[in-house]
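The values are calculated or read from the model by the stated rules, or taken from the named source; none is laboratory data. Because the structure is a prediction, the values reported are computed rather than measured. Cβ coordinates were reconstructed from backbone atoms using ideal geometry, including for glycine residues, and neighbour counts include every protein chain displayed. Areas reflect the complete protein model, heavy atoms only, side chains present, ligands, DNA and RNA absent. Shrake-Rupley method; radii C 1.70, N 1.55, O 1.52, S 1.80 Å.
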Amino acid sequence: MAGNTLFDRLVAAAGATWPSYTRHQFVLRLARGDLPEAAFRRYLIQDYLFLLHFSRAWGLAIYKSDTLAEMRRAQALVAATLDVEIGLHVDYCRGWGIDATALQAAPEAIETIAYTRFVLDRGLAGDRLDLEIALAPCIVGYAEIASERLADPATKLDGNPYKSWLDMYAGAEYQVLAEEAKAALDEQFARRGGEGRFPALAAIFTAATRLEADFWQMGLDAPR
């Protein structure tokens, strides 16, 4: 039932900050098919740089683990990101006229630095639960965004150049990953949490959500 998971409670605590991210104009225009291509290309380049730090975050999660099962889950996510997802992203970018050399040479936007370093800082200063809370708006948020947009009658399906992006994150494989991430939060909160910790975790989640919204805005602000 909605509202019972830690993730649902974090979303509720974030208030208006959550829809400012999940229904950002970048997302709505992407779904309508009228997002400027320059905005999407800038997002793709910065998302490549984000994925590099995403890998580092899961590497840190191995160190922050206290069970073999946790270590194996983090290791699997590191391998999936480095060995599969980054390669798929590079191929996808090539279809938008962005080659690997351009991706590697691109400077990080301030918004990319802000979110990725926030995630790593929370992981270094706190425990694995802090780290995964900081990552949750990205991991679970993308799944919710894609599902919500595809269910919206305003979304353009035929001839939308961005429909493949929506399909990827609304697809069964990614939806399962998001559900596993939510379940991991509940499991860790049971072992590492306690209600006294909730306000601090909610603050991390809300800050990370705000930084994700800034990431969308960074793309939208790309020079035409």
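Work out how far the C-alpha atoms of the stretch 1-95 reach from end to end along every principal axis, then list the three figures in whole Å, largest first.
For the stretch 1-95, the Cα spread along each principal axis is 47, 38, 20 Å.
Would you list Thr116, Thr17, Thr101 from the most to the least accessible area, probe 1.4 Å?
Order by accessible area, largest first: Thr101, Thr17, Thr116.
Can you give me the C-alpha center-to-center distance between the stretch 126-161 and the stretch 1-53, rounded to a whole angstrom?
For the stretch 126-161 versus the stretch 1-53, the Cα centre distance is 6 Å.
Net charge around Leu120, counting only other residues with Cβ within less than 12 Å of its Cβ (Lys, Arg = +1; Asp, Glu = -1)?
+2
So which residue, out of Arg197, Arg29, Arg122, gets the largest mean-square fluctuation from a GNM of the chain using Cα contacts under 10 Å as springs?
The residue with the greatest mean-square fluctuation here is Arg197.
Using a 1.4 angstrom probe, figure out how much accessible area the stretch 1-85 has per residue, in square angstrom, rounded to the nearest whole.
46
Just flag the chymotrypsin sites (Phe, Trp or Tyr not before Pro) in the stretch 55-160 sitting in loop per DSSP whose Cβ has no more than 15 other Cβ atoms within 10 Å.
Qualifying residues, ordered by number: Trp96.
Starting from the 7 Å offset along Cα-to-Cβ, what nm value, one decimal, do you get for the label separation of Ala16 and Leu120?
It works out to 3.4 nm between the two label points.
Among Ala106, Ala143, Ala74, which one shows the biggest mean-square fluctuation in a GNM of the chain, springs joining Cα atoms closer than 10 Å?
Answer for the Gaussian network model of the chain: Ala106.
So how far apart, in nm, are the two label points at Asp34 and Gln217 if each is 7 Å from Cα heading toward Cβ?
It works out to 2.2 nm between the two label points.
Rolling a 1.4 Å sphere over the protein heavy atoms, what is the accessible area per residue of the stretch 114-194, to the nearest Å²?
Values: 3330 Å² over 81 residues.
Here the residues of the stretch 114-194 average 41 Å² of exposed surface.
Given a 1.4 angstrom probe, I'd like the percentage of the accessible area of the stretch 26-131 that is carbon and sulfur, rounded to a whole number. Walk me through the intermediate numbers first.
Details: 2860 of 4830 Å².
About 59 percent, which is the carbon plus sulfur part of the accessible surface.
Protein chains only, probe 1.4 Å: how do Glu108, Glu187 rank by accessible area, largest first?
From most exposed to least exposed: Glu187, Glu108.
Pull up the cross-link candidates among the lysines for Lys182, meaning alpha carbon to alpha carbon under 23 Å and not fewer than 8 places away within one chain.
Lys64
Mind giving me the nanometre distance, one decimal, between the label points for Leu82 and Asp158, set 7 Å out from Cα along Cα→Cβ?
Result for the modelled spin labels: 4.6 nm.
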